[in-house]
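Undergrad: Provided herewith is a single structure, encoded as structure tokens, for subsequent inquiry.
The values are calculated or read from the model by the stated rules, or taken from the named source; none is laboratory data. Note that the coordinates shown come from a computational prediction; the quantities given were computed from them, not determined experimentally. Positions of Cβ are backbone-derived with ideal geometry, glycine not excepted, and every protein chain shown enters the neighbour counts.
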Amino acid sequence: MQMGRKIYRYAVTTRLSHWFWVIAFGVLVSSGLQIFNAAPYLDASDKSDPARRVLSINSPAQGVGTTTIFGRTFTTTGWLGYTDDGMGGRGPRGFPGWITIPSFQDLADGRRWHLFFAWIAAACWIAWLISTAIKGNLRELILRPSDVPKLWPMQAYYLHLRKEPPPHGIYNPLQKAAYTTVGFVVAPLVVLTGLALSPGIDAIAQPLTWLLGGRQFARLWHFAGMLALLAFFVIHTFQVLTQGFVNQMNSMITGWYRVGSEDVAGQ
Amino acid sequence: MNRKLFIATSISSALAACSPIGTALNNNQKFHAALGSAEKLNHALIGTRGMAREYRDGDVDRDFRVNGLPTPSDSNYQLLVARHFEPYRLVIDGAVERRGGFSLAQLQAMQQTTQITRHDCVEGWSVIGKWTGVRLRDFLAAVGPRPDARYAVFYCMDKDDQNTPYYESLDLHQAMHPQTLLALRLNDAPLDPDHGAPVRLRVPTQLGYKSAKWVWRIELVGSFATIYSGAGGYWEDQGYEWYAGI
């Protein structure tokens, strides 16, 4: 393996908040799916309205699970609708027990987990934002207009259509685009759509729920935001796995990143 | 390649272990209690501020979804229904100056307020109804809460299959909120048995389980710790948050 120069890339606050965020995100997704299971459908409306149902997961008959998306119904027995009940058997259930916390159907405890780890996730985000802003590293991270022309060359490099990545700072333009979108657009939207579901907050900030299209619509946005974060998580994990996994993991644990070694990843 | 396989296996095992680990932690009492600490923070930050959105007549669900425990089926309730709730008295006692019982006619004679508000169930669904009744603050003003009163506890006529009765509680701040209603009518008609006749609570700034149906007694107390299992409500006794504003 080629020996590159080492740079101190991640401050301790960044590393800590990153790993806390991984835990919090995992818990929020699985407890969120637990909460979803209590009413396994999403409507593009304010009050519940079957005529504006975008997604529903059903068990129309014993032993059968179906998922309906935009009016199209798919048989999803075993995965969605009729699946792992979290107690060793199978039953009518939205998402399966192996992906929810707790595994068995328990809305009260799902809410406990969700409302607690929502605070952990928010605290991580704020701690990271403040420390990064103080250190002046936000400028390295946020996508600027000058980065936009470099987006395709970077993608071309990833696709092996180009030998060298375009010149960039600590983060390449695609990383900047991803982190800016996730950190400053999607994550705040997921928080806002979650807040809009609270009747207490709706009473304080009525325009928030209204702007999102109503309460059920906010529930739909919240779910869609989760899917977007999940997509980022999958791509991010894939990138880490393929772009010098050991170096990447080392840097997010110790802070030190070996420059240039991604060129020889996997060799 | 072996290293990649190892990494992939590790990651999938870690993911697969999440739900069992979470479930195990969920059964740990100390951890479970720690998770509940968010409720206090949420209550302190959100509390009872602002007003729930009020809708127009056209937004109302004529077929208001029935929620909660089954409609009472015992002979006492059947008798009340058969006699159009003429023998019904809403009992008020505990830390109040004037204890007593209010007939439906007496409640109907008090200042009536109408609200068209959205009922948000903890399960996730929402339904809009038009409610008419007595503001709880007006009712409490008529009976005079004593200074030691901190909570209003609502005792209900419905029971679950274990014969455990439904009950709920609000702090006086929420009880005095102008939209907290002792509802007598839904969608321009007297409440029917399935929707909580003759009197139900409406708390549009909190989740639906706070809006107790079939209320027969209101008790003002300093603490609800000794009532039933002590968590302040039927669902609260089963692990749901007492503060249901979120």
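Undergrad: Could you say whether any residue in the stretch B:68-89 is within 11 Å of chain A (Cβ to nearest Cβ), surrounded by 13 or more Cβ atoms within 10 Å (Cβ to Cβ) and in contact with a Lys or Arg (Cβ under 7 Å, 6 or more places away or on another chain)?
TA: No; the residues of the stretch B:68-89 include none that is within 11 Å of chain A (Cβ to nearest Cβ), surrounded by 13 or more Cβ atoms within 10 Å (Cβ to Cβ) and in contact with a Lys or Arg (Cβ under 7 Å, 6 or more places away or on another chain).
Undergrad: Now for a different question. Within the stretch A:131-138, identify whether any single residue is crowded, with 16+ Cβ neighbours inside 10 Å and touching a Gly at 6+ places or on another chain (Cβ under 9 Å), and answer yes or no.
TA: No - not one qualifying residue is present in the stretch A:131-138.
Undergrad: Oh, and also: What's the total number of residues in the stretch A:81-111 that are surrounded by 17 or more Cβ atoms within 10 Å (Cβ to Cβ), within 22 Å of the chain's Cα centre (by Cα) and not in a loop (DSSP other than H, G, I, E, B)?
TA: 6
Undergrad: Additional query: Is there any pair linking a residue in the stretch A:147-175 that is closer than 16 Å to residue A:243 by Cβ to one that is polar (S, T, N, Q), with Cβ under 7 Å and at least six apart or on different chains, and which?
TA: A:154/A:172; A:165/A:172; A:174/A:155
Undergrad: I need a count of the residues in the stretch A:26-58 that are more than 19 Å from residue A:212 (Cα to Cα), surrounded by fewer than 20 Cβ atoms within 10 Å (Cβ to Cβ) and of a type outside the set (A, V, I, L, M).
TA: Residues that pass the stated criteria total 3.
Undergrad: Moving on to the next point. If you check residue A:117 against the conditions, is it within 11 Å of chain B (Cβ to nearest Cβ) and touching a Leu at 6+ places or on another chain (Cβ under 8 Å)?
TA: In short, yes.
Undergrad: For residue A:78, only one of the following conditions fails: (1) within 14 Å of chain B (Cβ to nearest Cβ); (2) surrounded by fewer than 19 Cβ atoms within 10 Å (Cβ to Cβ); (3) closer than 22 Å to residue B:20 by Cα; (4) free of Cβ contacts under 8 Å to residues at least 60 places away in the same chain. What is its number?
TA: It is condition (1) that residue A:78 fails.
Undergrad: Say whether the condition of being surrounded by fewer than 18 Cβ atoms within 10 Å (Cβ to Cβ) and farther than 30 Å from residue A:88 by Cα is met by at least one residue in the stretch B:30-38.
TA: Scanning the stretch B:30-38, I find at least one residue that is surrounded by fewer than 18 Cβ atoms within 10 Å (Cβ to Cβ) and farther than 30 Å from residue A:88 by Cα, so the answer is yes.
A quick yes/no check of all residues on (1) assigned to a loop (DSSP other than H, G, I, E, B); (2) modelled with pLDDT of 95 or more; (3) farther than 20 Å from residue B:179 by Cα:
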residue: B:14; (1), (2), (3): no, no, yes
residue: B:48; (1), (2), (3): yes, no, no
residue: B:52; (1), (2), (3): yes, yes, no
residue: B:70; (1), (2), (3): yes, no, yes
residue: B:73; (1), (2), (3): yes, no, yes
residue: B:86; (1), (2), (3): yes, yes, yes
residue: B:106; (1), (2), (3): no, yes, yes
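Undergrad: Also: Tell me, yes or no, whether the stretch A:126-133 has at least one residue that is within 19 Å of residue B:35 (Cα to Cα) and either within 12 Å of chain B (Cβ to nearest Cβ) or in contact (Cβ under 8 Å) with a residue 60 or more places away in the chain (or both).
TA: no
Undergrad: Among the listed residues B:120, B:161, which satisfies the condition of being within 14 Å of chain A (Cβ to nearest Cβ) and either under 21 Å from the mean Cα position of the chain (by Cα) or among the aromatic types (Phe, Trp, Tyr) (or both)?
TA: B:120
Undergrad: If you check A:209, A:181, A:237, A:193, which single one turns out to be surrounded by 19 or more Cβ atoms within 10 Å (Cβ to Cβ) and either within 17 Å of the chain's Cα centre (by Cα) or part of a loop (DSSP other than H, G, I, E, B) (or both)?
TA: Being surrounded by 19 or more Cβ atoms within 10 Å (Cβ to Cβ) and either within 17 Å of the chain's Cα centre (by Cα) or part of a loop (DSSP other than H, G, I, E, B) (or both) holds for just one of A:209, A:181, A:237, A:193, which is A:193.
Undergrad: Give the stretch B:189-222 a look and list any residue that's away from chain A (no Cβ under 14 Å), of a type outside the set (Val, Ile, Thr) and in a loop (DSSP other than H, G, I, E, B), or say none.
TA: Once the filter is applied, which keeps residues that are away from chain A (no Cβ under 14 Å), of a type outside the set (Val, Ile, Thr) and in a loop (DSSP other than H, G, I, E, B), the stretch B:189-222 yields B:191, B:192, B:196, B:197, B:198, B:212, B:213, B:214, B:222.
Undergrad: I'd like the residue in the stretch A:247-263 that is exposed (fewer than 15 other Cβ atoms within 10 Å of the Cβ) and closer than 18 Å to residue A:11 by Cα and, out of all such residues, is modelled with the lowest pLDDT.
TA: Result: A:259.
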